[in-house]
Amino acid sequence: MKAGVFFSDNDLRIIDIPKPVPKADEVLIKVMACGICGTDVHIFCGDEGCFPTPSGTVLGHEFSGVVESVGADVTSFSPGDRVCVDPNKLCNECFYCKSGLCHFCEKMIGIGTGVNGGFAQYCAVPQSQVYKISDTTSFEEAAMTEPVACCLHGIDMCNISCGDTVAVIGGGMIGMIMLQLAKLSGAARIIMIEPVEEKRIKAAELGADITIDPISCDVKDELKKLGVGRIACVIECVGKTATMEQAIEIAGRKSVVMLFGLTAPNDVINIRPFEIFKKEIELKASFINPYTQKRALELIDNRRIDVSSTVYSVENLESLPVILADSSKRAKGKFIISPQS
């Protein structure tokens, strides 16, 4: 079968590898859609993602497909089932798992980061990680369950109250998901800060009340001119040091700043502790998706969140290395790989 295999920095190749045979507790999935995530880009560029990635690993952790076959001990799934995957397999035995902090599992298996994932025509997955999807949900939408699950964990930590003003920095797929989750959480006014006009337009369609181009104006001055008062929560979805510093700058008093974007491992931001003190800011970050996969799928299956309109393009597997290597291409929006094309 064809697969996108990571070998080293800037070296991912589309090659033929053996089609996996499911173990007794595994489901073999014919992959229909797999999203390209910022974590995939970090791994491709030589930076560590959530987990170390061995050379020879098939990347891809945002994926969905059809059950091809099942192992001898699998009872909940049958060939033909339409499914998506939670890529983070817990050990349920370590200190963190037993302490209710499962997403810090010391023996976690990352499908598509630590072991073979969804940038392939087939992938074998433990049945515990598989979820059935609605017949009305497309494979492209179902592949977005994992990023929505990660965003849900982050939004839960933002402590948004009904009537709050929330700012989102960055109008990529993650920023658009966060915008919608903030609205569902009761935010009365949502601000999207994004330099690309097309993305600002899309943000307004998805519920942003104010959109600001940070290139053409000073964001803090623009907020003041527009009469925006206290911003209760700022969600940074870019993963750049400058936008993280900006998030702290525009945050209101007694606010939460969620640094959701993933920087390079050695990046450093400048923080003025006196500013944190004066505004009593809570600085937070969010790590993967503990027990939020099912909630994310419910939102998608029941059309409570739009994860399709911000997808830029669906491409074949051969396009994967080019997209990973071309930041200008990725800036256009979310790419999804269709391994069967």
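The values are calculated or read from the model by the stated rules, or taken from the named source; none is laboratory data. Note that the structure is predicted; figures quoted are calculated from it, not measured. Here the Cβ is made from the backbone with ideal geometry for all residues, glycine too, and neighbour counts use every protein chain on show.
A few comments on the model shown:
- If you go through the stretch 173-220 and keep only what is under 19 Å from the mean Cα position of the chain (by Cα), in a loop (DSSP other than H, G, I, E, B) and buried (at least 21 other Cβ atoms within 10 Å of the Cβ), you end up with just 194.
- When 125, 115, 130 are checked against the criterion of being in contact with a strand residue (DSSP E or B) (Cβ under 8 Å, 6 or more places away or on another chain) and surrounded by fewer than 20 Cβ atoms within 10 Å (Cβ to Cβ), 115 stands alone in meeting it.
- Single match in 51, 6, 63 (criterion: crowded, with 22+ Cβ neighbours inside 10 Å, more than 18 Å from residue 126 (Cα to Cα) and of a type in the set (Phe, Trp, Tyr)): 6
- Residue within the stretch 189-198 that is in contact (Cβ under 8 Å) with a residue 60 or more places away in the chain and either farther than 21 Å from residue 284 by Cα or not assigned by TED's automatic domain parsing to the domain that holds residue 217 (or both) present: yes
- Restricted to the stretch 304-332, and to residues there that are in a loop (DSSP other than H, G, I, E, B) and out of contact with any Lys or Arg (no Cβ under 8 Å at 6 or more places or on another chain), the residue that is nearest to residue 109 (Cα to Cα) is 307.
- Test for residue 234: is it closer than 30 Å to residue 109 by Cα, within 22 Å of the chain's Cα centre (by Cα) and not in a loop (DSSP other than H, G, I, E, B): no
- Pairing each residue of the stretch 317-341 that is free of Cβ contacts under 8 Å to residues at least 60 places away in the same chain with any residue that is β-branched (Val, Ile, Thr) and not in a loop (DSSP other than H, G, I, E, B), provided the two are 6+ apart or on different chains, yields C-beta distances under 6 Å for 329/323.
- Answer residue from the stretch 250-303, given it is aromatic (Phe, Trp, Tyr) and assigned to a loop (DSSP other than H, G, I, E, B) and is surrounded by the most Cβ atoms within 10 Å (Cβ to Cβ) among those: 260
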